[in-house]
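Working notes for the structure below.
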Amino acid sequence: MHNCEAVSSHLKNPEASGQVYKPLVSIVVPGYNEAENLGKNLARLCEYMESLEDTYRWELIFVNDGSTDETGEVAEMFAKTRSNVRVLHHIKNFRLGQALRYAFNNCNGEYIVTMDSDLSYSPDHIERLLNKLRETRAKIVIASPYMKGGHVSNVPWKRRKLSIWANRFLSLTAQGGNLSTFTGMVRAYDGKFLKTLNLKAMGMEINAEVIYKAMLLRALIVEIPAHLDWGFQKSRDTGRRSSMRILKTIVSYLLSGFFFRPFMFFVIPGFLLMLTSVYPFSWVFIHTVVNYRNLSSSFNAFDLRLSAAVAAAFQQSPHSFIIGSITLVLGIQLSSLGILALQSKHYFEELFSLGTTLYRYNRENNDIHS
């Protein structure tokens with residue numbers, strides 16, 4: 001019994017037995033049709049992680065997301081040369097969100113770092129991400145090329161502008177939006193925290209979903225300046241632009257912004273429509289008053305005189321009545337939808353917080369009993 005307790009104490013506190021504790025880092029790399037450069041890039045990543053072995057233990061998890069080229073075979077051949085490299089396969093291309101969730105469920109690391117398979121962010125970002133995560137005790141650290149000190153190189157103009165404006169839009173819609181990069185995938189996570197988020201997104205919107213749910217839990221999210229560079233793989237630029245599926249990407253960013261702050265999509269347009277209705281209704285009111293004064297005294301009854309004045313104003317400008325009524329009704333409806341959306345968002349936040357708390361409680365109990 002005493003031997004078991006000693007072993008348990010050693011596992012929980014290796015420093016007590018004279019060993020230096022090295023946290024395990026899981027490097028997650030999703031890839032789709034990356035056979036051309038994959039072996040070289042994985043070797044580059046592993047060589048860099050070997051330079052950090054005085055501080056960290058590490059594992060690399062590559063997700064072959066249904067590639068139609070030799071990506072899976074190249075990854076498997078590479079994994080055979082290293083015991084801490086694993087390859088996960090999707091039969092078909094399920095997209096980024098599913099690939100990341102698959103990898104997260106198979107990570108053992110205390111920290112999880114996600115990297116692009118093309119290494120458009122160089123491997124040296126990893127140590128800076130981890131250092132910031134440990135220094136600030138943040139739950140998420142984002143490599144940001146758009147913050148002060150970050151920069152972008154050799155990215156096609158359309159892709160670059162789309163990314164910049166998408167991140168500005170998401171920053172505007174997010175509560176306390178002080179982040180400059182929401183869509184970037186290169187990040188470091190607290191492993192336990194990440195696994196409590198119950199992620200659902202299938203595509204690129206998973207990056208915004210992670211931040212949204214982390215914000216609901218009041219988690220600390222920080223950024224470090226980063227360098228996004230496509231210059232070393234110029235031959236891939238054309239393929240990358242075509243794979244962006246720009247229209248779908250824009251829609252996913254709009255939906256992400258809606259989840260951050262739904263009232264912007266309903267209440268603000270509704271208010272603007274109601275404000276627009278003020279002009280035609282002002283015209284209606286003024287001309288009704290003028291017509292009322294000009295009517296003959298034969299209209300002794302107030303209601304008859306007012307009805308005749310309104311009818312005369314309608315004959316003068318029927319479109320003012322129509323436009324004013326339509327904009328007012330639409331404005332009221334959109335504002336009402338905005339209030340309902342805010343209410344639903346509030347309910348979701350409460351349920352999400354409760355679910356996360358229960359998940360953590362159950363997990364802690366399971367760890368204790370095991």
Run down Ser298, Ser242, Ser252 and say which single residue is of a type in the set (S, T, N, Q), closer than 30 Å to Ser120 by Cβ and modelled with pLDDT under 65.
Ser242
Is it the case that Asn131 is in contact with a strand residue (DSSP E or B) (Cβ under 7 Å, 6 or more places away or on another chain) and free of Cβ contacts under 8 Å to residues at least 40 places away in the same chain?
no
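Of the residues Leu100, Leu119, Leu130, which is in a loop (DSSP other than H, G, I, E, B) and of a type in the set (A, V, I, L, M)?
From the options Leu100, Leu119, Leu130, the qualifying one is Leu119.
Report the residue count in the range 133-165 for those that are among the small types (Gly, Ala, Ser) and surrounded by fewer than 20 Cβ atoms within 10 Å (Cβ to Cβ). Talk me through it step by step, then tell me what you get.
We begin by selecting, within the range 133-165, every residue among the small types (Gly, Ala, Ser); these are 138, 143-144, 149-150, 153, 163.
If we keep only those that are surrounded by fewer than 20 Cβ atoms within 10 Å (Cβ to Cβ) too, we end up with 149-150, 153.
Residues flagged as among the small types (Gly, Ala, Ser) and surrounded by fewer than 20 Cβ atoms within 10 Å (Cβ to Cβ) within the range 133-165 amount to 3.
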So, Ile286, is that one at pLDDT 85 or above, in a helix (DSSP H, G or I), surrounded by fewer than 16 Cβ atoms within 10 Å (Cβ to Cβ) and under 44 Å from the mean Cα position of the chain (by Cα) or not?
no
Residue list for the range 156-192, restricted to those being hydrophobic (A, V, I, L, M, F, W, C) and either under 14 Å from Ile211 (Cα atoms) or touching a helix residue (DSSP H, G or I) at 6+ places or on another chain (Cβ under 8 Å) (or both)
Leu162, Ala166, Phe169, Leu170, Leu172, Ala174, Leu179, Phe182, Met185, Val186, Ala188
Could we say that Ser344 is touching a helix residue (DSSP H, G or I) at 6+ places or on another chain (Cβ under 8 Å), assigned to a helix (DSSP H, G or I) and either modelled with pLDDT under 70 or of a type outside the set (A, V, I, L, M, F, W, C) (or both) here?
no
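Using the structure shown, decide if Gly176 is at positive phi, outside any helix (DSSP H, G or I) and at pLDDT below 85. Show your work before the answer.
Numbers: at positive phi: yes; outside any helix (DSSP H, G or I): yes; at pLDDT below 85: yes.
It is true that Gly176 is at positive phi, outside any helix (DSSP H, G or I) and at pLDDT below 85.
The values are calculated or read from the model by the stated rules, or taken from the named source; none is laboratory data. Treat the numbers as computed from the prediction; the structure is a model and nothing was measured. A quick note on method: Cβ atoms are made from the backbone with ideal geometry, for glycine too, and the neighbour counts reach across all protein chains shown.
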